[in-house]
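The values are calculated or read from the model by the stated rules, or taken from the named source; none is laboratory data. Quick caveat, the model's predicted, so the values are computed rather than measured. Glycine gets a Cβ as well: all are built from the backbone with ideal geometry, and neighbour counts include every protein chain shown. Calculation scope for accessible area: heavy atoms of the full protein, side chains included, ligands and nucleic acids excluded. Shrake-Rupley method; radii C 1.70, N 1.55, O 1.52, S 1.80 Å.
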Amino acid sequence: MIEITAVILSLIGSFFILRNNFKRYGLLYFISGLTGAFLCFVFVSIGFYSFPARLIPMSPIPIIEMFTVIPFYVLFGVRYSPSKWGWKIPFYWGMVHIAMLLEIFVLFPPVKIMDYKENWDAWDSYTWWWIYLLLFEWIGGKIVPTHSRKPIQSKSFRYGRWGWVVFHFIVITTIFLAGVYTGWNLKM
């Protein structure tokens, strides 16, 4: 149910972004899905992690999610990230923390959609989320014209504004939960 819900919500969100410039956002969607699926396949093949539960059981990776959830996340980032790079960092910082929160959530029973192996941990995922999202922010900047984007105003991230509040809530909450996760793993 979690995977199906994520796919449906991602398709709905992608639809609303794609309708702004189908050709450009569609190209970004395709490239990010292909890249995400390729990286996931490589990491699974190397043995960094596995997916015990998938919508298509014969596939070694969650292929449907790779072509729906991941591209939506990229499209969302490119569409709404602030114009200036100095403000893109807190925006993507929040996005990476949300991605990691969801990734850690799917590691635990009874969900157990993903399973880290001994050569992979949350820090590796955290690093790759940063690389992936910032790479696609740059690629998206080359593909999607400025008039097709809707950047959050930089002033929204200043002290006391809604962006500042949301960013701090996400980061403080997820850092606390990362401490809980670390403690949980040390206890085991």
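Things worth noting here:
- Environment charge of VAL69, counting only residues whose C-beta is closer than 12 Å and scoring Lys/Arg +1, Asp/Glu -1: -3
- For the chain, a simple Cβ point-charge model (Lys and Arg +1, Asp and Glu -1, everything else neutral) yields a dipole of about 980 debye relative to the Cα centre.
- Taking a ≥ b ≥ c as the square roots of the eigenvalues of the Cα gyration tensor, an a/c ratio of 1.5 or more together with a/b larger than b/c marks region 48-118 as prolate.
- Largest GNM mean-square fluctuation among TRP87, TRP162, TRP128, using the chain with Cα springs under 10 Å: TRP162.
- Protein heavy-atom surface of region 1-148, 1.4 angstrom probe: 74% of the accessible area is carbon and sulfur, with nucleic acids and ligands not counted.
- For the chain, the solvent-accessible area works out to 58 Å² per residue, with a probe of 1.4 Å and every protein chain left in place.
- Exposure ranking of TRP130, TRP164, TRP85, TRP120 by accessible area [1.4 Å probe, largest first]: TRP85, TRP164, TRP130, TRP120
- Whether the chain is rounded, prolate or oblate, judged on the alpha carbon gyration tensor where a/c under 1.5 counts as rounded: oblate
- Since only ILE104, LEU11, ILE56 are under comparison, the one whose Cα sits farthest along the positive direction of the charge dipole of the chain, derived from C-beta charges on Lys, Arg, Asp and Glu, is LEU11.
- For region 1-100, the calculated P(r) over all alpha carbon pairs, in 10 Å bins from 0 to the bin holding the longest distance, is 15, 41, 35, 9, 0 percent.
- Sparsely packed trypsin sites (Lys or Arg not before Pro) within region 2-33, loop by DSSP, other Cβ within 10 Å at most 15: ARG19
- For region 32-68 and region 132-188, distance of Cα centres in Å: 24 Å
- Across ASP121, ASP115, the residue with the most accessible area heads the list, and the full order at a 1.4 Å probe is ASP121, ASP115.
- Relative contact order, percent, the chain [alpha-carbon distance under 8 Å, six or more residues apart]: 26 percent
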